[in-house]
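Engineer: Attaching a single structure in structure tokens format; questions to follow.
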Amino acid sequence: MTWGEGRRSIDHVVIVGGGTAGWMTAAGLISMLGATGLKVTLIESEAIGIVGVGEATLPHIKHFNDTIGVNEAEFMAATSATFKLGIEFVDWARKGDSYIHPFGEFGLANEGVGFHHYWRKFHGHGEAGSLFDYSLPVIACREGKFQPPSEDPRSVLSTYRYAYQFDALKYAPFMRKLAETRGVKRLEGKVTKVSQDSESGDITAVTLDDGHEVTGDLFVDCTGFFGLLTEQTLATGYEDWSEWLPCDRAVAVPCESAGPLLPYTRATADSAGWRWRIPLQHRTGNGHVYSSGFTSDGAAHDSLVDNLEGAALSDPRILRFTTGKRRKLWNKNCVAIGLSGGFLEPLESTSIYLIQEGITKLLELFPAHDGCDTERREYNRRMDLEFERIRDFLVLHYHATERDDSAFWDHMRTMTPPDSLRDKMDLFAAHGRVATYDHGLFLVPSWIAVLIGQRRIPAKYDPRVDLVEEAHMRQHLGGLRQHMQRAVSGMSEHNVYIAQHGMQGQVV
């Protein structure tokens, strides 16, 4: 059947670009659809580098790895990975402040009322202590402890999840090996020509620099910011969100490790952005995300280097980006996954999550034939929600601040946030309620962590809290803190757990 004469079955997916996005996509497609006869080809050039700074992840990556049959110990050894129970935020509301956004619950709900409402009542009395004392993963982070969650829902050790911190330059080769073993064909070369159907505008083939033409039914653009297929060919367009997220550059450098191997990522606010610290088995990843409108490249470089915990292992490199997303993540017969689809700064480790969601939603909506308007519209609708809700959550970190010590923070504190974020903040400020939704990444505990962590204490709490006897609640609060502390004391040291379970990579 030729293009334009009728419906054509989707039998061959061509992925243009490798790196984390390309090889995760290849591994996901071949693992889940390879048995149907789907052919997957990936084209990449060794001469084209990869960004490779997405080293911190969210708990969803474990589900992705488990789904496609990745052995955790092998994966961690191959990528020099560590475990991650949360993200520490330093100096965000005020200089000297620190809190941890945990991958888990705060306390225990009672009669359908969230725990933070009970905490709010007794916090007002000066009796409850910190909300973060009621989070098991926060306590474990502070003490450098780790063990997998319990499968017993009655145990406090079941109230959290975990993610990974790994060497991004090792993760793509790991996924490549898995994908090729399962049948993905890799072609080396640069794409020099993209051919389109004259009627539909769909991509029909790409031509490599050696003249080899590769035809396909569905194309996935994993070419990074350049967007070879989605933008350079299909002119999809880009939604610029720098109005709310003005950071547009990052400088990154690895350094030698120093101190204990902690199970969390750190984000420290700086005068015109923030710095990350990601502990791996063999080194520490570092970077500084900043706004070029409020500081210079040289000043950002110096701030990063001056705060390294050990000797730098390479020269710092600068990345430039514009926060936002393509107007359509799936345009015609091309799906943009990874940086080609959009970029939201790595403040909450969402880059690999968005790759994973792009793959997952593509699998859920994978079309049988071309001309798949219904699937394409639904894919774009759901990915738009993902991007917009993550955008709002990131903006919250910057806007919910009391800092006025630099032009950058004064701007972020006084700016007008997206209406969707403003409504959510107002709802919480009034009665401690968080608007929930069926789809989207960050659920109620995450919003509570950042809002309370950045001193946004609600004016009131759920009135049903007053139906519970105060003496009983005081006893419950004290007992819960002690119970969590005892549970953490029985956990392994983070580095010891990695060593004992054969997850150590080669030290370099």
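Engineer: Would you point out the residue of the stretch 229-246, among those that are touching a strand residue (DSSP E or B) at 6+ places or on another chain (Cβ under 6 Å) and closer than 16 Å to GLY338 by Cα, that is surrounded by the most Cβ atoms within 10 Å (Cβ to Cβ)?
Structural biologist: Only one residue fits best here, namely THR230.
Engineer: For ASP209, indicate whether it is touching a His at 6+ places or on another chain (Cβ under 6 Å) and either among the hydroxyl-bearing types (Ser, Thr, Tyr) or surrounded by fewer than 22 Cβ atoms within 10 Å (Cβ to Cβ) (or both).
Structural biologist: Criteria not met by ASP209.
Engineer: Within the set of pairs 6+ apart or on separate chains, which have a first residue in the stretch 39-54 that is under 9 Å from GLY19 (Cβ atoms) and among the hydrophobic types (A, V, I, L, M, F, W, C), a second that is at pLDDT 65 or above and in a strand (DSSP E or B), and C-beta atoms under 7 Å apart?
Structural biologist: The qualifying pairs are VAL51/LEU319.
Engineer: Among ALA172, ALA250, ALA179, which is at pLDDT below 95, crowded, with 17+ Cβ neighbours inside 10 Å and outside any loop (DSSP other than H, G, I, E, B)?
Structural biologist: So the residue among ALA172, ALA250, ALA179 that is at pLDDT below 95, crowded, with 17+ Cβ neighbours inside 10 Å and outside any loop (DSSP other than H, G, I, E, B) is ALA172.
Engineer: Condition (residue is crowded, with 21+ Cβ neighbours inside 10 Å and among the charged types (D, E, K, R)) applied to the stretch 148-169: is it met by at least one residue?
Structural biologist: yes
Engineer: On the given criteria, is ARG283 closer than 19 Å to LEU394 by Cα, basic (Lys, Arg), crowded, with 17+ Cβ neighbours inside 10 Å and not assigned by TED's automatic domain parsing to the domain that holds TRP23?
Structural biologist: No; evaluated as a whole, the condition is false for this residue.
Engineer: Now a separate question. Among the candidates LYS193, LYS145, single out the residue that is among the basic types (Lys, Arg), in contact with a helix residue (DSSP H, G or I) (Cβ under 7 Å, 6 or more places away or on another chain), touching a residue at least 12 places away in the same chain (Cβ under 8 Å) and not assigned by TED's automatic domain parsing to the domain that holds ASN286.
Structural biologist: LYS145
Engineer: Within the stretch 206-227, which residues are hydrophobic (A, V, I, L, M, F, W, C) and more than 15 Å from LEU339 (Cα to Cα)?
Structural biologist: VAL206, LEU208, VAL214, LEU218, PHE219
Engineer: Quick one: which of ALA430, ALA459 is within 26 Å of TRP119 (Cα to Cα), assigned by TED's automatic domain parsing to the domain that holds LEU108, of a type in the set (A, V, I, L, M, F, W, C) and assigned to a helix (DSSP H, G or I)?
Structural biologist: Being within 26 Å of TRP119 (Cα to Cα), assigned by TED's automatic domain parsing to the domain that holds LEU108, of a type in the set (A, V, I, L, M, F, W, C) and assigned to a helix (DSSP H, G or I) holds for just one of ALA430, ALA459, which is ALA430.
Engineer: Out of ALA267, ALA258, ALA272, report the one residue that is assigned by TED's automatic domain parsing to the domain that holds LEU304, at pLDDT below 95 and not acidic (Asp, Glu).
Structural biologist: ALA258
Engineer: Ok, one more. Pairs under 7 Å by beta carbon, first residue surrounded by 13 or more Cβ atoms within 10 Å (Cβ to Cβ) in the stretch 369-380, partner aromatic (Phe, Trp, Tyr), six or more apart or different chains?
Structural biologist: ARG376/TRP330; TYR379/TRP330; ASN380/TRP330
Engineer: May I ask you to list the residues in the stretch 50-102 that are small (Gly, Ala, Ser), modelled with pLDDT of 95 or more and closer than 22 Å to GLY273 by Cβ?
Structural biologist: Correct list: GLY86, ALA93, GLY96, SER98.
The values are calculated or read from the model by the stated rules, or taken from the named source; none is laboratory data. Source: prediction; values computed, not measured. Every residue, glycine among them, receives a Cβ derived from its backbone with ideal geometry; neighbour counts consider all protein chains shown.
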